[in-house]
Amino acid sequence: MNKYIISNPNIMGGAPVIKGTRIPIEVILHRLKEGNSLEAIHKMYAWVDMKTLTGAIDEAIQTVTTTLHA
């Protein structure tokens with residue numbers, strides 16, 4: 001977790017969130033699982049630019065990939 005996702009015990013109890021927001025990455029992943037498009041999710045969180053949103057999803061994928069391949 002680097003550029004787009006942070007975890008801080010003082011923000012949302014330490015849940016990984018999109019940096020600069022209080023949006024847990026888990027919520028974004030659930031929205032994708034529900035079938036929401038990236039564009040629809042962006043409309044739900046319009047204050048988060050698309051680059052940040054896609055970057056956070058990419059970081060989540062990378063985190064899972066590296067963790068499970070270790």
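The values are calculated or read from the model by the stated rules, or taken from the named source; none is laboratory data. Since this is a predicted model, take the numbers as computed values, not measurements. So basically every Cβ, Gly included, is an ideal-geometry build from the backbone, and we count neighbours across all protein chains shown. Surface accessibility is based on the protein's heavy atoms, side chains included, excluding ligands, DNA and RNA. Shrake-Rupley method; radii C 1.70, N 1.55, O 1.52, S 1.80 Å.
Based on this model, can you work out whether ILE5 counts as touching a strand residue (DSSP E or B) at 6+ places or on another chain (Cβ under 8 Å), open to solvent by less than 50 Å² (accessible area, probe 1.4 Å) and free of Cβ contacts under 8 Å to residues at least 40 places away in the same chain? Here the answer is no, as ILE5 does not meet what is asked. Filter segment 8-20 for residues that are without any contact (Cβ under 8 Å) to a residue 12 or more places away in the chain and open to solvent by less than 70 Å² (accessible area, probe 1.4 Å); which is nearest to THR63 (Cα to Cα)? The qualifying residue nearest to THR63 (Cα to Cα) is ALA15.
Please go through segment 30-54 and pick out each residue that is part of a loop (DSSP other than H, G, I, E, B) and among the small types (Gly, Ala, Ser).
The first filter runs over segment 30-54 and keeps only residues part of a loop (DSSP other than H, G, I, E, B), leaving 34-37, 45-49.
Correct list: GLY35, SER37, ALA46.
ALA46 meets each of the listed conditions (1) more than 18 Å from PRO16 (Cβ to Cβ); (2) within 12 Å of the chain's Cα centre (by Cα); (3) open to solvent by less than 80 Å² (accessible area, probe 1.4 Å) apart from (2).
Among the conditions (1) crowded, with 17+ Cβ neighbours inside 10 Å; (2) out of contact with any Pro (no Cβ under 9 Å at 6 or more places or on another chain), the only one that PRO24 does not satisfy is (2). Taken as a whole, the structure places VAL64 among residues that are without any contact (Cβ under 8 Å) to a residue 60 or more places away in the chain and surrounded by fewer than 15 Cβ atoms within 10 Å (Cβ to Cβ).
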